[in-house]
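The values are calculated or read from the model by the stated rules, or taken from the named source; none is laboratory data. Everything quoted here is computed from the prediction, not taken from an experiment. Cβ atoms come from the backbone with ideal geometry, glycine included; neighbour counts cover every protein chain shown. Please note that ligands, DNA and RNA were not included when accessible areas were found on the heavy atoms of the full protein model with its side chains. Shrake-Rupley method; radii C 1.70, N 1.55, O 1.52, S 1.80 Å.
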Amino acid sequence: MTLIKLKDVCYSYPNTCGIKNLSININKGEFLCLMGANGSGKSTLLQILSGLKTTDNGQYFFKNSEITEKYLSNNKQRQKLHQQIGMVFQNTDVQLFNPSVYEEIAFGPKQLGLSQNKIIKRVNDCLKLTNCEKFRDRIPYQLSGGEKKRVALASVLALNPEILLLDEPLNGLTISAQREMLNLIRELQEAGKTIIMASHNYQQIKDFAQRFIIFKENHTVDADLTQIDIKNSPDRQKQLMNL
Amino acid sequence: MHIPDNYLSPVTCGTLFAAVTPIWTIAVIKVKKQIKKHHETLPMIGIASSLAFLIMMFNLPIPGGTTAHAVGGTLLSILIGPWATCLAITVTLLLQAFLFGDGGILSFGVNVMNMAVIMPFVGYWIYKIGKKFKHEKLGVILGSYIGINSAALLAGIELGIQPLIAHTNNGSPLYCPYGLNITVPAMLLAHLLVAGWVEVIFTLLVFKFVNKVSPTKIYDNSNNANNIHWIYLLIGLALISPLGLIAKNTAFGEWNNQELQHMLIKQHLGSQVPEGMLNGFHFKALFSDYTINGLPISIGYILSAITAILVFLLLVRGLKHETK
Amino acid sequence: MKPNKLNDLPDWIKNSNYNYKVNYRKSLWKNNRMHIKNLLSSLAQPKGVSYVHRRGSPGVNLIQLLISVLLIVLIHNITLLWIIYILLLFKLLFLNPQQLRKFIKSWIIGSIIASLLIIPSYWLTGISTVLYFTIKTSLILANAQYYRITTPFQELLTGLKALHFPDMFIMIIAISLTYIRMLGQNLFLNLEALELRTVSKNKHPYKLIGAIFGALYLKSCDYAIELYAAMEARGFNGHYKSIKVKNNNFKDFVTLSPAIIVLLLFVLWRK
């Protein structure tokens, strides 16, 4: 089932281009990886998918509704979109603003009208899944980079979104922590979630992501390949290893 | 509360600019001392001024459909101290004037006095009183509310006296045309009812967060070394108090009945002393007019000044709580 | 992080139920996000400063601005005000067309707002006050705006230094502008992240103000320490050297001359 349809999506910043003419479809349950050099448009695409930016021209369809400026100006529609799409930013510092890790994770569920017991259960589950139990009462912005990433992921998971957008989630993590996070992400995908992840570390994710979209430096799409395609093409592998 | 140009006469602008200059000087000296202890004070003031800038840009919706914004003067003085806040908000006002044309060029001194001096200091002192009596949050609330309203009151007065002090020969005002009866109520109402509460909410919420999360980052000036400077200043002032004798006339408002009658006649305002004053209360002070029989009058002045200072210091000391 | 097996995932993650209620009220954060975004974009793009050829040194420009504004405030003679207007219009000829359009637009808007505030006084003091006030205010606005459009920020700092402002002030002003961009960007991203996690009605929306600005302050405290260390490591010691601007007396004279002429007329010509 196609969840997301992008047709000729473009976005440009005041002084540079973000994305040019992007047309892809994303299905439910996919694990898609966006790859490309820094500044090639991966973060921009994730921001458009989450509704933070709108495409200059072209169309973005989410579950057959076109997401436009007008669509997002309606509070009900915008909030429904945010309930279904969760995003972890590249700079997790800006995402954490509550006085403790517990409250950070509880922030989302509290708004959903769940009972107090359900909220407590959700927060504890998220703390356990991301292994943040030992610093549940600490102040988020004082944590180390890797710990912050885990807290950010936990706080987004607590909303139970259908689609997870992850902007370079492995940055700043140790190799073992990266592996654990990727395992968690894969399990979430197997449980039915759609994962769209931006990364430039092919080596780490080559066995996890099923589909790779590669961006060129001129902000257009170079290729849209499956995991197997890339494994069968040594040139491609070399290109991705050298990103 | 930014007063633009052309609302205030150059005299007002100049006077207040001159009044603010010594305060800036003291602030620079004090901050330089603070920098020697804590190196990061300098960039901290820069950060404080950009925080104030962003706070002033942040609009909160209020009943009625419009929005209002806080100033953040009291909040910053609680967080980084009043002297540093004075410099920080001065810089904020300068940047606002340059980048957005908010506030005037000549009236810069006036705006600084209102928002960078009155507001932080009044707010801070009330907060300190609250802290001393262990009611910190009440101190924050009262400090921020009274701080912003004092600034608004002063601004209203500055605007309102313009028609009185600067007008053409036929009476039409040259600068702000609205008198005290309009400006003061207008400024006070807007701030007592709306802007004051926005300021309180803002200050209290951020204070609560910082206090809960990291209380060490709140400004704490509990060392008494600075008091010594005040004493020297007071003694110096006491010693030069006889300068007042140079003026031949009695000070404004301090006339006795005969002098009052004389002044009234001179200003064509009447020829009789008001009845209430003729038969009213006559207080015979111990040393009236600062004179002691047999001593030159200047010594009388100095002795009176020193006595007053000592009585005041004893009063303050007597009211002090035991410090741990 | 221990590797989790599939059946370790809690049930609520495996279900996709999206019937949560939403909030219809307008969010106070969205408008502020736009507000701050506009601020950031106006700060980021150097405001197309147009260089006028016959410019004096920064200090002289600043003095000229101060004298002009002071004179306008002091002068009540309509003829002199008219002469100032003519001098201003002459200066405007040297702006490039795009700058000129921008200038006129913001000048007119500013003057209209100023006149709106003063119109109620018509019923108090008569039409002459209103007219004089509007004319003088629009002149002051024009001069201030002209200075702003033709002066890059760095020159303001140089000018202030030439007027003997203490080094500390200059330094704080310079740092503040950088920080406004940085903190503004941080605040903007905070609001974006907040927007993404605002999925329904928040019971305590105002508590977030404390959280966001409080966190901003605390993060800045730590950042300030690191920044100062970085500055010291690059040789900073708090003292700005006065850059000797090539003394071009002719240009200074040209910049100051209109103000001096008006000053002389003001002093000598007493109606």
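Only one residue in A:L3, A:L81 is part of a strand (DSSP E or B) and farther than 25 Å from A:N201 by Cβ, so which one is that? Step through it out loud before you land on a result.
Working: A:L81 fails: part of a strand (DSSP E or B).
It is A:L3.
Mind checking which residues of region A:72-89 are open to solvent by 40 Å² or more (accessible area, probe 1.4 Å) and more than 7 Å from chain C (Cβ to nearest Cβ)?
Start the filter on region A:72-89 by keeping residues that are open to solvent by 40 Å² or more (accessible area, probe 1.4 Å), which leaves A:73-74, A:76-77, A:80.
Result: A:S73, A:N74, A:Q77.
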Open item on the list: One residue is enough: does region B:71-93 have a residue meeting the conditions free of Cβ contacts under 8 Å to residues at least 24 places away in the same chain, over 19 Å from the mean Cα position of the chain (by Cα) and on the phi < 0 side of the Ramachandran plot?
Closed with: no
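Can you pull out every residue in region A:25-41 that is part of a strand (DSSP E or B) and open to solvent by 10 Å² or more (accessible area, probe 1.4 Å)?
Just the residues of region A:25-41 that are part of a strand (DSSP E or B), to begin with: A:25-27, A:31-35.
Residues satisfying the conditions are A:N25, A:N27.
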Task: Condition met for A:L114 (touching a residue at least 12 places away in the same chain (Cβ under 8 Å), farther than 17 Å from C:L191 by Cα and either surrounded by fewer than 22 Cβ atoms within 10 Å (Cβ to Cβ) or within 8 Å of chain C (Cβ to nearest Cβ) (or both)) - done: no
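Can you tell me which residues in region A:7-18 are touching a Ser or Thr at 6+ places or on another chain (Cβ under 6 Å) and over 11 Å from A:N57 (Cβ atoms)? Quick ask: steps written out before the conclusion?
The initial filter retains those residues of region A:7-18 that are touching a Ser or Thr at 6+ places or on another chain (Cβ under 6 Å), namely A:7-9, A:11, A:18.
The one that is touching a Ser or Thr at 6+ places or on another chain (Cβ under 6 Å) and over 11 Å from A:N57 (Cβ atoms): A:G18.
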TODO: Scan region C:177-198 for residues that are free of Cβ contacts under 8 Å to residues at least 40 places away in the same chain and at the interface with another protein chain (Cβ under 7 Å from one of its Cβ atoms) and report the count.
DONE: 7
Task: Flag if C:I149 is in a helix (DSSP H, G or I) and open to solvent by 20 Å² or more (accessible area, probe 1.4 Å) - done: yes
Task: Qualifying residue in region A:178-191 (condition: within 11 Å of chain C (Cβ to nearest Cβ), in a loop (DSSP other than H, G, I, E, B) and under 22 Å from A:L96 (Cα atoms)) - done: no
TODO: Assess whether C:A174 counts as being under 30 Å from B:I26 (Cα atoms), among the small types (G, A, S) and away from every other protein chain (no Cβ under 13 Å).
DONE: no
TODO: State whether the residues of region C:159-168 include one that is in contact with a Lys or Arg (Cβ under 9 Å, 6 or more places away or on another chain), assigned by TED's automatic domain parsing to the domain that holds C:F253 and either assigned to a loop (DSSP other than H, G, I, E, B) or in contact (Cβ under 8 Å) with a residue 24 or more places away in the chain (or both).
DONE: no
Open item on the list: Is it the case, given these coordinates, that C:V267 is at pLDDT below 80, part of a helix (DSSP H, G or I) and open to solvent by less than 40 Å² (accessible area, probe 1.4 Å)?
Closed with: no
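Can you say whether C:R181 is out of contact with any Ser or Thr (no Cβ under 8 Å at 6 or more places or on another chain) and within 27 Å of A:T44 (Cβ to Cβ), as far as the supplied structure shows? Step through it out loud before you land on a result.
Details: out of contact with any Ser or Thr (no Cβ under 8 Å at 6 or more places or on another chain): yes; within 27 Å of A:T44 (Cβ to Cβ): yes.
Yes.
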Task: Lone unmet requirement of (1) in contact (Cβ under 8 Å) with a residue 24 or more places away in the chain; (2) more than 21 Å from C:K37 (Cα to Cα); (3) of a type outside the set (S, T, Y) for A:N25 - done: (1)
Task: The listed residue being at pLDDT below 80, closer than 27 Å to B:V140 by Cβ and surrounded by fewer than 12 Cβ atoms within 10 Å (Cβ to Cβ), out of B:A251, B:A225, B:A285 - done: B:A225
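Kindly establish whether C:N143 is in contact (Cβ under 8 Å) with a residue 60 or more places away in the chain and outside any helix (DSSP H, G or I). Full working, then the answer.
Details: in contact (Cβ under 8 Å) with a residue 60 or more places away in the chain: yes; outside any helix (DSSP H, G or I): no.
No; evaluated as a whole, the condition is false for this residue.
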- [ ] Quickly run through region C:199-213 and pick out the residues that are crowded, with 20+ Cβ neighbours inside 10 Å and more than 7 Å from every other protein chain (Cβ to nearest Cβ).
- [x] C:L208
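For region C:190-200, check the following and say yes or no: at least one residue is outside any helix (DSSP H, G or I), among the β-branched types (V, I, T) and more than 18 Å from the chain's Cα centre (by Cα). Even if it seems obvious, please write down each step before you answer.
The first filter runs over region C:190-200 and keeps only residues outside any helix (DSSP H, G or I), leaving C:197-200.
Then keep just the ones that are among the β-branched types (V, I, T); that gives C:198-199.
Still in the running and more than 18 Å from the chain's Cα centre (by Cα): C:198-199.
Checking region C:190-200: at least one residue is outside any helix (DSSP H, G or I), among the β-branched types (V, I, T) and more than 18 Å from the chain's Cα centre (by Cα).
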Open item on the list: If I go through region A:128-146 residue by residue, how many of them are more than 11 Å from chain C (Cβ to nearest Cβ) and within 15 Å of A:L96 (Cα to Cα)?
Closed with: 7
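Taking region A:144-183 on its own, how many of its residues are closer than 19 Å to B:V213 by Cβ and open to solvent by 10 Å² or more (accessible area, probe 1.4 Å)?
At the first step, the residues of region A:144-183 found to be closer than 19 Å to B:V213 by Cβ are A:144, A:147-148, A:151-152, A:155.
If we keep only those that are open to solvent by 10 Å² or more (accessible area, probe 1.4 Å) too, we end up with A:144, A:147-148.
Selection size over region A:144-183: 3.
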Task: Scope region C:107-138; condition open to solvent by 70 Å² or more (accessible area, probe 1.4 Å) and over 15 Å from B:G104 (Cβ atoms); matching residues - done: C:I108, C:I109, C:I112, C:L116, C:I119, C:Y122, C:W123, C:L124, C:I127, C:L131, C:Y132
TODO: Residue by residue through region A:55-71, note down the ones that are within 13 Å of chain C (Cβ to nearest Cβ) and farther than 26 Å from C:I13 by Cα.
DONE: A:E69
TODO: Restricting attention to region B:1-49, report how many residues are away from every other protein chain (no Cβ under 11 Å) and in a loop (DSSP other than H, G, I, E, B).
DONE: 3
